[in-house]
Structures are given as structure tokens and as C-alpha cells.
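Participant: Questions regarding the structure given below will be posed in turn.
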Amino acid sequence: MNKHQLYFLAILFLCFSCLSNKKESEVNNKPNLEIYDNHVHIMSPELIKDWKDLGIPFSKPDYYYSNIDSILNINNTDYINLVGMGYVYGSPEFYQGNEEYEKLKQENNYLFKVSSKYKENVKPFFAIDPLKAYAVEELQRCLQINKNSGLKLHFSSSQVYLTEPEHLKKVKSIFAIASENNLPILLHFDNWHPKFGKDDIEILVDSILTNLKPIHLTIAHFGTSGGFNQKTKNVVNTFAELYEKDRIPEQHKILFDISAVALGKDSDGVSKLTEKAFIELKSFLDKLGYEKIAFGTDYPLYNASDYLQVLENKLGLSKSEINMILDKKTNTEKAPQ
């Protein structure tokens, strides 16, 4: 496996190898308020095995990542968006077999099966690779299974470049179907291209969102792949500028989840924030506006209690600011009509 492949896997694996070694009694100190976690990962036992076959170590027993009861107990939130990771099977860096679509379906099926146990508290976000020939077929299949689900797109894993006309065309078709079916999208926007930034954002806004019927879009990790760096600043600055110029279509509900942004500990490939960086990050939250920010842990990177402590103690958010971030329930909200 070459250096590029190892780096790719390290980024995808960011949240799975760094859950802190705490006793369960220490992770169940839930704050006295209702919590909605917009970004919680789950993996099937088969996907975990495929990771391990690549030589990737896991720091915790498999049930931390695959068992819905354990996930809900450890994360200890009232509601979650449960995010599948089947998109990885579309990447040749992860899977070189001939059954990638079958693997993807199995992963999405597992997501739907476990989430059905807690229909009132868990909203499943199934995954697709929008560039694949089977993307629309799988999207429609999943909608038939659960019309109240969500969709996860990972532009880094799928290597989506909106600057490529063919890529843009395929992504537009996915967004159109999502809009028609009131299907919320959780978008990992950053594709890891060195030039990712303003051009990609403007294409998303002008070529996809402008003429689209109302949609609920949550942009993961403030538009990047975690941490707080110059790319994060560029993304927030660009969106803030577009909002100021009224270029963001008002018919949509667009949120930015803060998962994996305010890192209080090192993660694979991403360093924890310095005290100075936390201060600067706070100013970017102020610029973006707390009404646009959603809470997410990127579990198992963090559990809800630990990440809320980071937001309060290291990032310095006030109780009212934290409550504004927590007041986003994308399992029940619908895009404006």
C-alpha cells in the first residue's frame, strides 16, 4: 500500500482509532438538557473485518462501533443521526473486489436494520458514491426501505470534483432526487484536492442549490475533513461572504456541523488545537452565526458529554451559544416549503 493510500485510509479512519479509554461510568455524565447528535458513525461487523484485514487497528472492542445499544449508551444522547460508511467500498484504495455494490447494499441494510430498533430516536443516513453507475438505483432502493432516512455523501472518499462537468451533472441529479423526496443530506464536502475551496463552494451554491427545490443540507466538519486550519477559515469565510451577498438560496435549510472541528486531542492525521487556535475558531463561529451551526460528535471520536465539555471549556462557548447549537433536530425538521 503506497503513501497516498495510507493517508487516505488514515483520514477515513480518523474517528475509529482514538476513542479515549474511559470506563462507561465516566462517559454517561449527560448534561441536564436534550441533546441531538447530528453525526454518529456505525459500521457493520463485516466492514470492521474489512478494515482489520487492511491492517488497521481498532482501539476498542467491535461493539463500540457496530452495536446500536452500545453506541446509544456510550454517546448518551436523546436523538442521533446514525451515519453509514458504505461509500468506502467504491474507493479502490479500500476495496478492489468485484462486489462493491453488493457490499454497499449490505452496509446500508445493516444501518436500516439496527436503526429500526429505535425509530423515534435514531435517523439512519445511508451512504452512496454519487459517481457510480448504481448511485441512483441505490438511493431509490434505500428510500423504498425507509422514506424518512437521510443521505450521506463523502466527496473525499468518492473523489468528487464539482469542477468536473460530469461529476457536477451526477451530483446535481442526486440532489434533485433528494429534494423531491425531502431527503436530508449530510455532506462531507472537502475532496482533499489542494485547490478545494471557494470555486467548489460557489459551484455548489450557484449550479446545484440555486434552482433546486427546498432541501435540508448539513455540511460536515465545517466543510473540511476535521480540525481547524486555513482551509476551514477559507470555507467559513466564503460561505459568510455568500450569505452577506444573499447568494445562498433562502428556500434551503443549511447547517454546518461542528463535529471533529474543535479537537481537544490528537486524531490520526489531525493535530489537536492550540489555545490560540481555539480563540480564533470561536471568532469564526461568531462570524458564521450559531443559528447555522449544528452539534455533532463524529462518534466514536468523541461522545456527547466529552465534546460538550470541549466546546464549553476549551472553545469558551456560553450556555446560550451551546443551547443554540444543540437546538437542531434534523430528524424532525423539514426543509422550508
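Participant: Taking the Cα-to-Cβ direction at Glu99 and at Asn182 and moving 7 Å from each Cα, how far apart do the two end points lie in nm?
Facilitator: The modelled label-to-label distance comes out at 3.7 nm.
Participant: A further question on this structure: Starting at the first residue of the range 194-200, write each ³J(HN,Hα) from the Karplus equation 6.51 cos²θ - 1.76 cosθ + 1.60 with θ = phi - 60°, in whole Hz, x for Gly and Pro.
Facilitator: Result, rounded to whole Hz: x, 9, 4, x, 4, 4, 5.
Participant: May I ask for the longest run of the chain untouched by trypsin sites (Lys or Arg not before Pro) that are loop-located per DSSP and have at most 16 neighbouring C-beta atoms (other than their own) within 10 Å?
Facilitator: 24-118
Participant: Can you compute the FRET efficiency between Glu250 and Lys276 using 1/(1 + (r/R0)^6), with r the Cβ-Cβ distance and R0 = 30 Å? Round to the nearest 0.05.
Facilitator: Once the sixth-power term is evaluated, E becomes 0.25.
Participant: Relative to the present Cα-Cα distance, how much length would full extension add between Ala240 and Gln309 at 0.36 nm per residue of separation?
Facilitator: Value of the extension gain: 22.2 nm.
Participant: Let me ask something else about it. Quick check for you: which residues of the range 42-84 have the amide N under 19 Å from the point 7 Å beyond the Cα of Gln106 toward its beta carbon?
Facilitator: Within reach of a label on Gln106, which here means backbone N under 19 Å from a point 7 Å along Cα→Cβ, the range 42-84 contributes 42-56, 62-63, 65-68, 84.
Participant: Just how large is the dipole of the chain about the Cα centre, in debye to the nearest 20, putting +1 at every Lys and Arg Cβ and -1 at every Asp and Glu Cβ?
Facilitator: Around 180 debye, computed over the chain.
Participant: Say the dipole of the chain comes from +1 at the beta carbon of Lys and Arg and -1 at that of Asp and Glu; which of Ser320, Ala277, Val114 then lies farthest toward its positive end?
Facilitator: Towards the positive end, the residue furthest out is Ser320.
Participant: Scan the chain and hand back the longest stretch that contains none of the GluC sites (Glu not before Pro) lying in DSSP loops with at most 16 other Cβ atoms within 10 Å.
Facilitator: 121-249
Participant: So for the pair Asn121, Asp199, with labels modelled 7 Å out along Cα→Cβ, what separation do we get in nm?
Facilitator: 4.7
Participant: With a cut-off of 8 Å between alpha carbons and a minimum separation of six or more residues, what is the relative contact order of the range 34-326 in percent?
Facilitator: With pairs under 8 Å counted, the relative contact order is 17 percent.
Participant: In debye, nearest 20, what is the charge dipole magnitude of the range 159-222 about its Cα centre with +1 on Lys and Arg Cβ and -1 on Asp and Glu Cβ, if you could check?
Facilitator: 120
Participant: Could you calculate the FRET efficiency of Asn229 with Glu34 from 1/(1 + (r/R0)^6), where r is the beta carbon distance between them and R0 is 30 Å, rounded to 0.05?
Facilitator: The computed FRET efficiency comes out at 0.40.
Participant: For Asp206 and Lys52, what does the FRET efficiency come to when R0 = 51 Å and r is the distance between their Cβ atoms, rounded to the nearest 0.05?
Facilitator: Efficiency, from the Cβ-Cβ distance: 0.75.
Participant: Take every DSSP beta bridge whose two residues both sit in the chain, then give the antiparallel share in percent to the nearest 5.
Facilitator: 5
Every read-out reported here was derived from the displayed coordinates using simple, explicitly stated rules and does not represent laboratory data. All figures in this text were calculated on a predicted structure; none of them were measured in a lab. Here Cβ is always computed from backbone atoms with ideal geometry, including for glycine, and neighbour counts include all displayed protein chains.
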